[in-house]
């Protein structure tokens, strides 16, 4: 279950950081995934040291959006990445 105090971290292996896109392999190394710029930023912030709330605050500041909108977007993207097995929640 995703909670704002969860500390997501990557289970994926980086393949290539293109700046506006991020390519990486799943944990098994079988599938390459591509993230757009916003999802890339969220993924990179999910290093196990930040809570979802902290990631949301950083995204809100970087993109100058309301904290509620940033938090909702972060939760949606993290949920998708967890479902794909690319992030795990601590």
Exercise. Is it fair to say residue 52 is modelled with pLDDT under 95, under 23 Å from residue 19 (Cβ atoms) and surrounded by 13 or more Cβ atoms within 10 Å (Cβ to Cβ)?
Worked result: no
Problem set entry | Considering residues of region 58-74 that are surrounded by fewer than 18 Cβ atoms within 10 Å (Cβ to Cβ) and within 13 Å of the chain's Cα centre (by Cα) only, the residue farthest from residue 13 (Cα to Cα) | 72
For this session: Kindly indicate whether residue 81 is touching a strand residue (DSSP E or B) at 6+ places or on another chain (Cβ under 7 Å) and within 18 Å of residue 6 (Cα to Cα).
Result: yes
Exercise. How many residues does region 24-41 hold that are in contact (Cβ under 8 Å) with a residue 24 or more places away in the chain and out of contact with any strand residue (DSSP E or B) (no Cβ under 8 Å at 6 or more places or on another chain)?
Worked result: 1
Exercise. Within region 23-38, how many residues are within 14 Å of the chain's Cα centre (by Cα), over 20 Å from residue 90 (Cβ atoms) and outside any strand (DSSP E or B)?
Worked result: 3
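The values are calculated or read from the model by the stated rules, or taken from the named source; none is laboratory data. For clarity, every value in this text was computed on a predicted model and none was experimentally measured. Virtual Cβ from ideal backbone geometry, glycine too; neighbours counted across all protein chains shown.
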